[in-house]
1. Work out the count of Lys pairs in the stretch A:65-175 where the Cα-Cα distance is under 17 Å, with the pair 8 or more places apart or on different chains.
2. Evaluate Rg over Rh across the stretch A:247-290, taking Cα atoms for both radii and Kirkwood's formula for Rh.
3. Output ³J(HN,Hα) for the stretch B:109-123: one whole-Hz value per residue in order, computed from phi by the Karplus curve 6.51 cos²θ - 1.76 cosθ + 1.60 with θ = phi - 60°, and x for Gly and Pro.
4. Looking at chain A only, what percent of DSSP beta bridges run antiparallel? Nearest 5 please.
5. Sort A:Tyr270, A:Tyr188 so the one with the fewest other Cβ atoms within 10 Å of its own Cβ comes first.
6. Along each of its three principal axes, how wide is the spread of alpha-carbon positions in the stretch B:3-75, in whole angstrom units, largest first?
7. Within 10 Å of each Cβ of A:36-43, how many other protein chain Cβ atoms are there on average?
8. For the stretch B:87-163, what number results from the quotient of the Cα radius of gyration and 2.2 N^0.38 Å?
Amino acid sequence: MNILLPKFECIKPNNEKELFDLMYKYTGRKVGILAGGTDLLPTINAGKLTIDYMIDISSLGLNEIIEKDGAVHIGSMVNFRQLTLNKLIQDKLPALLKAAKTVGAVQTRSLATIGGNICSAVPSCDSAPALIALGAKLLLNSSNGHRIINIEDFFKGPRKNALNSGEILYEIIIPLPNNYSQADFIKYGRRKALTLAKVNGASMLELDNEKKVIACRIALGAVAPTPIRAVKAEDFLIGKEINSEIIDEASKIALSEISPISDIRSSADYRLQMSKVIVKRTLSNVYDLLVKEII
Amino acid sequence: MGRKMVLNVNEIDYSLEIEDNEILLDTIREKIGLKGTKYGCGTGECGACTVLIDGAPVNSCIYLAIRAEGKKIITVEGLKNGETLHPLQQSFIDNAAVQCGYCAPGMLMSAKALLDVNPNPTEKEIREGIDGNICRCSGYVKIVKAIDEAAKKMANTDEGSENNR
């Protein structure tokens, strides 16, 4: 059995200059950026996308995870297998570790990159809620120089992102959590592996010495056109001491900020109910972790 | 008109001409002639085509062959040591962990990838290790048992460690 992909030319730039020269040269042409290929190749194979040129960005040195200036810098070409086996991610960013482990299956994670996951900008993107909760920023690069944006501003709609023509996602920058902050991630799908989320979500809390919330981020996925932050619920929690009533109230507020739809994976009503559960569970898990650490 | 390149499969170099849009699974089966790796879904969801690339389990049906240049590819044919089956293969036979057999090569490669990084997996970890491999006969219980037994044998015998390459 042969898998016949339509013809295209695959080009692998070896440095930044070659990359941006190619991007310029092929402006307005049908170009695909090849990261892990787990999304791109099946999409082409299914006839949903035709391209003439494929630019393979695997030789640009974007596959490192380093700690620098109080932040973890993850190259956009780091794959999820690399993430899950990385000591820094295991020790410092357990919420991201948890999210990375829910992406696809073992084989998918060997190829699929964090950059590709973000750039595909699907509402159910598994890395997004964890990264939003962790306050991640994205380094975007082009021949005109680079810019850094908050990850939540990157998602513009289903499969629509904020990349300008000629721009490439280079790096994901995550501030290291301090001793008074923690995050947690939960995904609900139809099954555990090889499934897109019905709902996914993450929460981050930072507490002061009196265990009052001084910073908070709540993110939900697959319940709006993009992964989103529940900012009203976050604002409600600031300055408060956490207990089950407060968490319950925050989860109710979060529901007013999402707009789930019914589709093949889930009904809107189920998504609404599960969003509430995810906000409650992630917040209470985070609080439990923090209180243990502070005591 | 393809590109001339060398692919290393099961520690043998093959000089090949490869098209840009060629899928590694086709290269392995049709050009190199190793038919152990199976075509299942063609979309990276069933795991029948799993091979190891530099030690990582990969669905070869969604992998461009040109990307494999300079990498070490291991297929199910590369598991045995000479005429001796890999402990995982032997354990699949001993436990009758094969019904129709179509998923077995992929299962074996995922199991090998798991044991390479986690030689003493729990049952949960074994199930997670084969979470990208679908068995249409639903023979998972025996497959999990076979992997568990192989891991224990490999931990206890010299033969195991020799074969665990």
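1. Lysine pairs meeting the criterion: 8.
2. Here Rg/Rh amounts to 1.06.
3. Values per residue, Gly and Pro as x: 5, 5, 5, 4, 4, 5, 5, 4, 9, 9, x, 10, x, 7, 4 Hz.
4. Of all bridge pairs located within chain A, approximately 85 percent are antiparallel.
5. A:Tyr270, A:Tyr188
6. 30, 23, 19
7. Per-residue shielding by partner chains comes out at 5.
8. In units of the globular-protein estimate, the stretch B:87-163 measures up at 0.99.
Values quoted throughout were computed directly from the atomic coordinates according to the rules given, and no laboratory measurement underlies them. The model shown is predicted, which means the values in this text are computed figures rather than measured ones. All Cβ positions, even for glycine, are placed from backbone atoms using ideal geometry, and neighbour counts span all protein chains on display.
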